[in-house]
Protein chains: 6
Amino acid sequence: MSGIVVRNIERAPQDVIDGLAHCGVATVHEAQGRTGLLAPHMRPIYAGARIAGSAVTISAPPGDNWMIHVAIEQLAPGDILVLAPTSPCTDGYFGDLLATSAMARGCRGLIIDAGVRDVRDLTQMGFPVWSKAVHAQGTVKATLGSVNVPIICANALIAPGDVVIADDDGVCVVPRADAAAVLEKAQAREANEESKRVRMANGELGLDIYDMRGKLAAMGLKYV
Amino acid sequence: MSGIVVRNIERAPQDVIDGLAHCGVATVHEAQGRTGLLAPHMRPIYAGARIAGSAVTISAPPGDNWMIHVAIEQLAPGDILVLAPTSPCTDGYFGDLLATSAMARGCRGLIIDAGVRDVRDLTQMGFPVWSKAVHAQGTVKATLGSVNVPIICANALIAPGDVVIADDDGVCVVPRADAAAVLEKAQAREANEESKRVRMANGELGLDIYDMRGKLAAMGLKYV
Amino acid sequence: MSGIVVRNIERAPQDVIDGLAHCGVATVHEAQGRTGLLAPHMRPIYAGARIAGSAVTISAPPGDNWMIHVAIEQLAPGDILVLAPTSPCTDGYFGDLLATSAMARGCRGLIIDAGVRDVRDLTQMGFPVWSKAVHAQGTVKATLGSVNVPIICANALIAPGDVVIADDDGVCVVPRADAAAVLEKAQAREANEESKRVRMANGELGLDIYDMRGKLAAMGLKYV
Amino acid sequence: MSGIVVRNIERAPQDVIDGLAHCGVATVHEAQGRTGLLAPHMRPIYAGARIAGSAVTISAPPGDNWMIHVAIEQLAPGDILVLAPTSPCTDGYFGDLLATSAMARGCRGLIIDAGVRDVRDLTQMGFPVWSKAVHAQGTVKATLGSVNVPIICANALIAPGDVVIADDDGVCVVPRADAAAVLEKAQAREANEESKRVRMANGELGLDIYDMRGKLAAMGLKYV
Amino acid sequence: MSGIVVRNIERAPQDVIDGLAHCGVATVHEAQGRTGLLAPHMRPIYAGARIAGSAVTISAPPGDNWMIHVAIEQLAPGDILVLAPTSPCTDGYFGDLLATSAMARGCRGLIIDAGVRDVRDLTQMGFPVWSKAVHAQGTVKATLGSVNVPIICANALIAPGDVVIADDDGVCVVPRADAAAVLEKAQAREANEESKRVRMANGELGLDIYDMRGKLAAMGLKYV
Amino acid sequence: MSGIVVRNIERAPQDVIDGLAHCGVATVHEAQGRTGLLAPHMRPIYAGARIAGSAVTISAPPGDNWMIHVAIEQLAPGDILVLAPTSPCTDGYFGDLLATSAMARGCRGLIIDAGVRDVRDLTQMGFPVWSKAVHAQGTVKATLGSVNVPIICANALIAPGDVVIADDDGVCVVPRADAAAVLEKAQAREANEESKRVRMANGELGLDIYDMRGKLAAMGLKYV
């Protein structure tokens, strides 16, 4: 199954991708029916980044980063590298040199269910990474993997060209074909939340805004 | 045992609470005989916050945040929400909308032995949270829990109205009835530490300040 | 085996130590053949610090920080305290008072395979710590350990006087006798990387810079 | 707060305790409203044991088993030792010698939110233990704790004399005063389950036995 | 996306499924190119079981086992229940009553990326379970999920009707359409291994059987 | 540092090794001053084995088991294979074929700070393994490591020829040169424990046998 590089992948429209980035992970996750979230062990190396992009996927052996070099050639501007090791691994597959190369091709960030290193440099370069670990441990270049095949990354299925959104809350994937529809729902959700935010800021309670009191009483909630 | 909301809880005096906040978690923990500390997996979503407040407690089912809406109505200015799920859970029970509502009622922060989301917004709003996880995963509103009953949160017993102190070192609870006495000891401890800090900054050793050399020798310590 | 304090340890030359600090953990680790890295659970209490120093080692019982007082007397300017508990422990062995004392003797930081507390103060003081946990839990002073004996800390062997390098990527140890040779290799590696960084920033690919295409094809990589 | 031994504790009636043992952890937990369960990291050292007894509680410093000796003197036949360390610890506090002593006093087992050792011997002796870890690491006898005070053990509150039930599913605590009432509910639950077991064994579905089809349809479940 | 039950799923031929069971997880995993393995936290509740069957999949909310009742109706003899919660959860979704019902319909076992209870009874009944946790914690029946939709379970993609193989080494999934081809390769692999086992039992070395010495020398291996 | 195989290693006398096996891990660990224990995540694949042997050490890359083939040639009857990966890894490096080969050379077991597979077969063969994980995940043979060099395995330093003892309590290493002296102390300890076991079985308390009452009172223990 390994040793394959898919050159041409389809991508969602750039404005849809950017719209999803603006909505953020929590909203997009809600908008697509609470699906697509990666496991919560995926954490950003620095706070404050919020990105979206088309996934260029990498299936890599544990402790072997050869396929990242192969994947970088497949990057288009606005893409995000997404790497899943074929078995659990915390090695530092990626550092400032690879980030320099990826940024030169317009890459917006890296999602890796393994380790990353040179995080001080990556922070200074403004290249965001969501990873399972920070680990200076180096890797080898000895065994093939694949690029742009579907992968399972941190308990989520990601196909090449899917839209990946990442911020301080974690990482979410939206299937490419659903991206426009999910964006529409996410934006509706945002508008709806904004009106509630104003009411709540003014002291109205969720109990009243969402009309919960009757249902709570019917379920048996007792105030004492 | 669930489905109960206790409306009226007693609280410690505000100046005692604020005094405990000023002392911080490590000092308060020492001052009450090294008890009351929550488990170290409770981490702040951003660095630098230091708060204390009266606990409004929530016992909630896993993945169900309905009771937070109920609890917010019970908040008085200066309170802290403290949530323990009835079984281990990392879901994001709480985000920026609920924080807006809680802040409108004077809430100082959230302690949750589960997950939180919208952490970028919460950071910008200055609403501090100590949690077990950051996770965008949403929750449902389907099952009752209780508000203002005693809970076990991150291996500590917390009763409604107990004083909760939280900072970068973690979270500590002080029983309401002990708060004034603990504050007195904490302040004495601080004064005592200050004099030692000056001596140590001047190069004096703990070995001499605490008069440890004789006891160490008696125990058999050998310098070679 | 415990109850011993070795007073006189040899140290590497200060310029070698400072050179290693400048190279950073990932580069030094590569330069000495990918050895010497501590386990990735060792994380800094704040981002951005990069230090190196001679190890003053501490073997301490779980939950007992008595030996830190003993060790501080053995510090020379530029040293780093390195503590390994004799069994797994997350207690907060070290706080702002001990840091004040250590800084007064020129100590550059602490590496501890256990917990630390007062991290807000330590951050303000600019005293960096790499630890397994942040925990306000206090310790006792009841049982002897040893100072300046070889220890296993976070799965790495560290002898007194070895050079310890720490930054946002983690912690690495270089045996004292190898320090000058490792520095030379690390600096050569840095120079080499700089030329590659320029080429990559200009859009050249690692596939070409490292001449990987032929080998990948020989291994059977297929582009589709 | 430490350094106290409570000599006389009240216990539930022996037949109630034995009845609860017969029902087992899962049933008792349900019967008291899904409360009282210890965290799932508490695992038996061998399969098949099912016990209940009155808790003789121990609050012990990390890595210090002195208080177990004190507690053994407080054991009455049918009791269970329950130990919570004052901070997280995996050391082996207990082995075959202490088990011999505890068994001589009629102790039925040990619940310990820390480590245990000599597990081969304990298995051969038929002395069951539920623990967080198996670890040969020894402990010291240097610092006081307390015996027969309320403790938080693996996220559950346990008072001396409470009934502790343990089997392959984990550990559950029933407050002493509730024991008889909980037993009654547990036995009713068992009887009710038995009739359902027969129907299910005959091929009837839970969907029909519990009359769920209508509610599922009303919630919107679709068969396709 | 939830609230759907797919009634009719295709299954692999029974003799293929049984053949895969006989080969076991490690061999099947190798035979399909080292893919399909579930994460190693999936452990059997008792040693020695080795099963295969067609997956009846369940996507369930955290702490809600309602859909298991729905899924049991969809079981055909020889099937295996496979449950993935929609967010991380250790609750005990399944016990002896549900096992009785599932066995009455010919179910061979349960794979659940969450918790299980009544494990003593399940062991006595000979109903094998591979789970993330053993936990007596009960669940509710309040929210819909889906049955027989594709799920991600313990980092593996499983479609309804896929063949699931489980033994003491863990759990592996084989896509239904590939089952016959994978079986063929697995059996070839077994035959090949058997001849090597005989040679190795007679003292021949892998170094010679696999002709590794030349390649090792070429790579630079040095005997000293 | 890698790519080296040391052919000739010194071993402790066989009767000393066998004596240490008889004493078991907990006793040996105590006898050498509570040092040498591997981390408690090292667990046996089946209960009841108790072995000792001379370490043939392996330093292997993550996910690469090539060096095990090299190491097997270096085995003498009575040896134990001890493998440490160069970075954290749970892959199944070792299965029934390698065990067949190792047993043909008289190997007594495997200690591996990574994963193992075919555990059902290994159990039937009576080949004991202590590992960090059970995982069917296969490995490659692409990169060199070393055999019979000092390694850090599960936080313990192990040199080739050191005596490794393993049982249900975990794993302990005794430096070769110390083996005879440690055995002597371990046997003395055993004899001493036996007399205490008899007294305790007869109901005498540790409080009296070890004469603790006075010291406890002096420390301030209060009976109430």
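Any read-out appearing in this document is the output of simple, stated calculations on the displayed coordinates, not a laboratory observation. Remember, it's a predicted structure, so these values are computed and weren't measured experimentally. Reconstructed Cβ throughout: ideal geometry from the backbone, glycine too, with neighbour counts over all protein chains shown.
Worth pointing out:
- Net charge of the neighbourhood of F:A49, taken over other residues with C-beta under 13 Å away and scored Lys/Arg +1, Asp/Glu -1, is +1.
- Over 20 Å (Cα to Cα) - which of A:K141/E:K215; B:K215/F:K215; C:K141/F:K196; E:K222/F:K132; B:K222/F:K185 fall in this group: C:K141/F:K196; E:K222/F:K132; B:K222/F:K185
- Relative contact order for region B:92-152: 37 percent, from Cα pairs under 8 Å spaced at least 6 residues apart, divided by residue count.
- Rg and Dmax of region A:3-106, both derived from C-alpha coordinates alone, stand at 14.6, 38 Å.
- Residue mean of other protein chain beta carbons inside 10 Å, F:2-8: 4
- Applying 1/(1 + (r/R0)^6) with R0 = 45 Å to the Cβ-Cβ distance of D:A181 and B:A188 gives a FRET efficiency near 0.45.
- With bins 10 Å wide beginning at 0, the percent of Cα pairs of chain E falling in each bin runs 8, 32, 31, 15, 9, 5, 1.
- A:R7-D:A76 pseudo-label distance in nm [points 7 Å out on the Cα-to-Cβ vector]: 8.4 nm
- Per-residue [θ]222 nm for chain B (sum of -39500 (n - 2.57) over DSSP H runs n ≥ 4, rounded to 500): -9500 deg cm²/dmol
- Comparing B:D18, B:D79, B:D113 in a Gaussian network model of chain B (Cα springs below 10 Å), the most mobile by mean-square fluctuation is B:D18.
- Interchain or long-range residues, amide H under 5 Å from E:Y223's placed H: F:V5
- Under 5 Å between amide hydrogens, built in the peptide plane, is the criterion, and for B:D162 it picks out B:A55, B:R176 among residues at least 5 positions away or on other chains.
- Computed over region D:46-176, the alpha-carbon pair-distance distribution with 10 angstrom bins reads 14, 52, 33, 1, each value a whole percent.
- Relative contact order for chain F: 30 percent, from Cα pairs under 8 Å spaced at least 6 residues apart, divided by residue count.
- With Cα atoms, 0 to 90° folded angle of helix A:14-23 axis to chain A main axis: 50 degrees
- Euclidean distance of C-alpha centroids, region F:88-144 and region B:158-224, integer Å: 49 Å
- Near the amide H of A:F94, within less than 5 Å, lie the amide hydrogens of A:R117, all on another chain or at least 5 residues away, with H placed in the peptide plane.
- Cα shape, region A:68-116, gyration tensor, a/c 1.5 rule: prolate
- Table column - 3J(HN,Hα) (Hz), region A:91-99, Karplus curve with 6.51, -1.76, 1.60, x for Gly and Pro: 4, x, 5, 9, x, 5, 5, 5, 5
- Surrounding net charge for E:C107, when Lys and Arg each add one and Asp and Glu each subtract one, Cβ distance under 12 Å: 0
- Its relative contact order, with pairs defined as Cα atoms under 8 Å and 6+ residues apart, puts region E:1-88 at 29 percent.
- Taking Lys and Arg as +1 and Asp and Glu as -1, the other residues whose beta-carbon sits under 12 Å from that of D:D162 total -1.
- Peptide D:33-41, shielding by other chains (average Cβ, 10 Å cutoff): 6
- Expected-Rg normalisation [2.2 N^0.38 Å, Cα atoms] applied to region E:103-144: 1.25
- Which of E:V163, A:V224 has the fewest Cβ neighbours within 10 Å, and the rest in rising order: A:V224, E:V163
- Burial ordering of C:K132, E:K215, fewest other beta-carbon atoms within 10 Å first: E:K215, C:K132
- Computed Rg/Rh of the protein assembly as shown, alpha carbon atoms with Kirkwood Rh: 0.94
- Couplings 3J(HN,Hα) of region B:2-8, computed from phi: 9, x, 10, 10, 8, 7, 9 Hz, in residue order, whole Hz [Karplus 6.51 cos²θ - 1.76 cosθ + 1.60, θ = phi - 60°; x for Gly and Pro].
- Annotation for E:A180, label-to-label distances across the other copies: 4.1, 6.9, 6.9, 7.2, 8.5 nm (shortest first, one decimal, point 7 Å from Cα along Cα→Cβ).
- Label-to-label distance, nm, for residues given as D:E204 and C:Q124 (7 Å Cα→Cβ offset): 6.9 nm
- The residue list A:L38, A:T27, A:G53 was ranked by how far each Cα lies along the charge dipole of region A:1-56 toward its positive end, using unit charges on Cβ atoms, and A:L38 comes out on top.
- For region F:157-167, 3J(HN,Hα) computed residue by residue from phi via the Karplus equation (6.51, -1.76, 1.60; θ = phi - 60°) reads 7, 10, 9, x, x, 5, 8, 10, 10, 9, 8 Hz, glycine and proline entered as x.
- Crossing angle, helix F:179-201 versus chain F [Cα axis fit, 0-90 degrees, rounded to tens]: 40 degrees
- Ranking of C:Y93, B:Y223 by count of other Cβ atoms within 10 Å, fewest first: B:Y223, C:Y93
- Its Cα gyration tensor gives region A:90-167 an equivalent ellipsoid, and the semi-axes of that ellipsoid, as √(5λ) in whole Å with the largest first, are 19, 16, 13.
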